[in-house]
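What follows is one structure encoded as structure tokens, with my remarks underneath.
The values are calculated or read from the model by the stated rules, or taken from the named source; none is laboratory data. Quantities reported herein were computed from a predicted structural model and do not represent experimental measurements. Cβ placement follows ideal geometry from the backbone for every residue including glycine, while neighbour counts extend to all protein chains displayed.
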Amino acid sequence: MGVHDGHRERLKERYLQHGLDGFNDLNVLELILFYAIPRRDTNELAHALLDRFGSLESVLDASARDLQTVPGIGEHTALLLSLFRETARRCELNGTRRIRTILSTADAGRYFLPRLRYERDEKLLMLCLDSQKRVIECGQVAVGALNEVKISIRKIVEKAVNCRAASVILAHNHPDGSARPSKEDELTTRSIVNALKLVEIPVEDHIVVAGNEYVSFAASGLLGKNSYF
């Protein structure tokens, strides 16, 4: 057994005994990399990943393509690392499928966070609710920053009408930056609210997601009398 084998066994034993308690980001990456690179010291590679992306969270949030820009990271290793993000997203989404009614801003936040927190592109979603605030359908209605993407207000209205929605909740993400709504967000939301008002479908809230945080238009008073929460 070489020196690297001894290090691997010690890290594995620490994990089996105590979980990740006492592990720093470097140790966690080393442990993961053991299973993609069985016959090589992974310490230097773990350092390179942290130097490139800045943190363990950012490494695991990176795309397989971006991971392969780090010397020594091949397709096999990049696939393994990127699986953590996608697996976490799948588990969180599975949890939200049990949410069948949206009765508050907190419910809306729990519903949309896992749907948008991992997205790298800005997306606008619309959740259609029935008269009992039960979920009918949630779908994407636009891709791109709200101040850049050409949003079809007509298609949004048609979708809400076709779903026979009694009300809707909008949500979009800010992949880089704060969850604070921009002026463009407010203007676009106002346009959608006014269009849906013509067919008597109120917008109950607009949730803006950034990372693990979200801001509610309704809770912030940005919907005024249009908020029914």
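Is there a residue in segment 78-89 that is hydroxyl-bearing (Ser, Thr, Tyr) and under 30 Å from VAL208 (Cβ atoms)?
So the first thing to find is which residues in segment 78-89 are hydroxyl-bearing (Ser, Thr, Tyr), and the list is 82, 87.
From the residues that got through so far, the ones that are under 30 Å from VAL208 (Cβ atoms) too are 82, 87.
Scanning segment 78-89, I find at least one residue that is hydroxyl-bearing (Ser, Thr, Tyr) and under 30 Å from VAL208 (Cβ atoms), so the answer is yes.
Identify all residues within segment 155-186 that are in a helix (DSSP H, G or I) and in contact (Cβ under 8 Å) with a residue 12 or more places away in the chain; write none if there are none. Step through it out loud before you land on a result.
At the first step, the residues of segment 155-186 found to be in a helix (DSSP H, G or I) are 155-162, 183-186.
Scanning segment 155-186 gives LYS155, ILE156, VAL157, LYS159, ALA160, VAL161, GLU184, ASP185, GLU186.
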* Can you tell me which residue in segment 187-218 is farthest from ILE169 (Cα to Cα), limited to those that are in a strand (DSSP E or B) and not hydrophobic (A, V, I, L, M, F, W, C)? -> GLU213
* Structure fact -> Across (1) surrounded by 15 or more Cβ atoms within 10 Å (Cβ to Cβ); (2) under 22 Å from GLU119 (Cβ atoms), ALA36 clears everything bar (2)
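Can you tell which of SER152, SER167 is surrounded by fewer than 19 Cβ atoms within 10 Å (Cβ to Cβ), among the hydroxyl-bearing types (Ser, Thr, Tyr) and either over 15 Å from the mean Cα position of the chain (by Cα) or farther than 20 Å from ARG98 by Cα (or both)? Outline the logic, then answer.
Numbers: SER167 fails: surrounded by fewer than 19 Cβ atoms within 10 Å (Cβ to Cβ).
None of the other options fit; the residue is SER152.
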* With the condition kept exactly as written, say whether any residue in segment 16-24 is outside the structural domain of TYR111 (by TED's automatic domain parsing), in contact (Cβ under 8 Å) with a residue 12 or more places away in the chain and surrounded by fewer than 16 Cβ atoms within 10 Å (Cβ to Cβ). => no
* Please find, within segment 2-30, the residue that is farthest from LEU80 (Cα to Cα) out of those that are out of contact with any helix residue (DSSP H, G or I) (no Cβ under 8 Å at 6 or more places or on another chain) and outside any helix (DSSP H, G or I). => GLY2
* To do: Give the residue, chosen from GLY19, GLY54, GLY6, that is at pLDDT below 90 and small (Gly, Ala, Ser).
  => GLY6
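So, in segment 25-43, exactly how many residues are in contact (Cβ under 8 Å) with a residue 12 or more places away in the chain and either among the hydrophobic types (A, V, I, L, M, F, W, C) or out of contact with any Leu (no Cβ under 8 Å at 6 or more places or on another chain) (or both)? Break it down stepwise before answering.
Pass one, segment 25-43, residues in contact (Cβ under 8 Å) with a residue 12 or more places away in the chain: 25-37, 40-43.
Next, from what is left, pick out any that are either among the hydrophobic types (A, V, I, L, M, F, W, C) or out of contact with any Leu (no Cβ under 8 Å at 6 or more places or on another chain) (or both): 26, 28-29, 31-34, 36-37, 40-41.
Matching residues across segment 25-43 total 11.
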* Residues that are in contact with a Pro (Cβ under 9 Å, 6 or more places away or on another chain): find the helices (runs of 4 or more DSSP H) completely inside segment 31-135 holding 2 or more of those. => 43-53, 75-96
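Please go through segment 91-126 and pick out each residue that is free of Cβ contacts under 8 Å to residues at least 12 places away in the same chain and loosely packed, with under 12 Cβ neighbours inside 10 Å. Spell out the reasoning first.
At the first step, the residues of segment 91-126 found to be free of Cβ contacts under 8 Å to residues at least 12 places away in the same chain are 91, 94, 97-98, 106-107.
Passing the criteria: CYS91, ASN94, ARG97, ARG98.
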